[in-house]
Every structure is written in C-alpha cells, then in structure tokens.
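**Q** What follows is a single structure, and I will ask about it in a moment.
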Amino acid sequence: MTLERHPFPPFVPKDPQMLFLGTFPPQPKRWKMEFYYPNWNNDFWRVCGVIFYGDRDRFCDVDNKCFKLDDIVEFLTARHIAIYDTAMEVERLKDNASDKYLDICRPIDLDSFLATYPTLSVLVSTGEKAASVVASLTGTEIPTMGQKVSFEYAGRIIWHFRMPSTSRAYPLALEKKAELYARVFQKNTQNTPD
C-alpha cells in the first residue's frame, strides 16, 4: 500500500466559527477542482446551495461538470466557515473513494487547530468515519446522525455535530441531507446549539 498525504491545506477564513471535517479527499482523478469535496458525485456544495440560495446548482457549473471555486471561497469566507479533514495520511485499501476502505495512519492534530483558532465553537463531521475520529480525539461519544455532543476545550464549549455523508453512495435524498445540515447553520446563527 502507498501512503497518501493530504493534498490541500486547511481552508480557514478570518475568525472561523465553524469547522467542517470530512475524512480525506478522493483520488485526484475524481477531482473537479483542487479544493474540498471536489468529486462531482459528492453533493456537499449542492447541499450548501439548497440551504443558502434555494438552488442546488448555485456552486456548480453544470455544463462543464465542475464547481465554481471562487463563489465557494467567497461563501465560506463571508460565513466564517473553515474546512479541513480528519485524516492527514491514509492508505487506500481499495481503488475507490469510500471511507470504508481508508486506513487512517495520521489523524488531524485537532488540539493544535482549536488552540490556533479560538473563535471556533462548532465542529461538523460529514460522515460516520469523520465523526468517529473527532469523537476519539475529543474523548466524547459519537453523536447519532443529525445530533451533537459538547466538550470543553481551554475553557470554552465546543459542539460536535454529526451530519450524513454528502457522497451519493450514502442513501439519503439531497433534500433530506440539506434539512439536517440546515439545522447546524441555524443553530450557529442563533448561537444556541440546543
């Protein structure tokens, strides 16, 4: 097996409030941009389009089957949303993008990340494997789907929300995924994560 290192730096706007954590990018042959959730068959950016603009294709160039990276960066920056992954080094056990066949050799240094960005108060894991990594690093239970747990870090409360995978391999309609993800954004906007 070949060890793969994470290809992207974390995306962190000024004063990030939320950190979305997937597991690890797919192989480069599946990328439609050099950024997070680059696979055309992953609906993360469509979910964001539905929630914020009522338009699943807001961040998609449908004719060219690629994403509008400039619009994505502007959107994330305006809403103080950071994006990274839970795995920094992996081995792929099969030649596909499935989290199930990723062996995580080195996880994110979450302590360092939280220490560096004291404005962060919400972590959102996008899938089961990412949620399990966050839970193991924070010494908390894995939240049930669509739910959250809290933990204390350096005197502040951090909320960890577990959301469904936005991969189309996960059997839940785009609209249902958007409903679950919308709760995280609503809670964060209202600053009441209950």
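**Q** Can you work out which of the residues in the range 127-173 that are in contact with a His (Cβ under 9 Å, 6 or more places away or on another chain) and small (Gly, Ala, Ser) is surrounded by the most Cβ atoms within 10 Å (Cβ to Cβ)?
**A** Once the filter is applied, the top-ranked residue is Ala131.
**Q** Which residue pairs have Cβ atoms under 9 Å apart, sit 6 or more places apart or on different chains, and have a first residue in the range 129-141 that is without any contact (Cβ under 8 Å) to a residue 60 or more places away in the chain and within 20 Å of Arg156 (Cβ to Cβ) and a second that is assigned to a helix (DSSP H, G or I) and of a type in the set (Asp, Glu)?
**A** Leu137/Asp111
**Q** Sticking with this one: Would you be able to say whether some residue in the range 98-116 is touching a Lys or Arg at 6+ places or on another chain (Cβ under 7 Å) and open to solvent by 30 Å² or more (accessible area, probe 1.4 Å)?
**A** Within the range 98-116, one or more residues are touching a Lys or Arg at 6+ places or on another chain (Cβ under 7 Å) and open to solvent by 30 Å² or more (accessible area, probe 1.4 Å).
**Q** Here are the criteria: (1) among the polar types (S, T, N, Q); (2) open to solvent by 20 Å² or more (accessible area, probe 1.4 Å); (3) within 16 Å of the chain's Cα centre (by Cα). Tell me which single one Thr119 does not satisfy.
**A** (3) is the only condition that Thr119 fails.
**Q** A follow-up question, please. Looking only at the range 59-95, which residues are among the aliphatic types (A, V, I, L, M) and open to solvent by less than 40 Å² (accessible area, probe 1.4 Å)?
**A** Within the range 59-95, Ile72, Leu76, Ile81, Ala82, Ile83, Ala87, Met88, Val90 qualify.
**Q** Considering only residues that are more than 16 Å from the chain's Cα centre (by Cα) and either at pLDDT below 95 or open to solvent by less than 10 Å² (accessible area, probe 1.4 Å) (or both), which ones fall in the range 14-58?
**A** Residues satisfying the conditions are Gln27, Pro28, Lys29, Arg30.
**Q** Take the residues in the range 50-75 that are aliphatic (A, V, I, L, M) and touching a helix residue (DSSP H, G or I) at 6+ places or on another chain (Cβ under 9 Å), then tell me which one is farthest from Thr166 (Cα to Cα).
**A** Ranking the qualifying residues of the range 50-75, first place goes to Ile72.
The values are calculated or read from the model by the stated rules, or taken from the named source; none is laboratory data. All values derive from a computational prediction rather than experimental measurement. Positions of Cβ are backbone-derived with ideal geometry, glycine not excepted, and every protein chain shown enters the neighbour counts. Just so you know, the surface numbers come from the protein's heavy atoms only, side chains and all, with ligands and any DNA or RNA stripped out. Shrake-Rupley method; radii C 1.70, N 1.55, O 1.52, S 1.80 Å.
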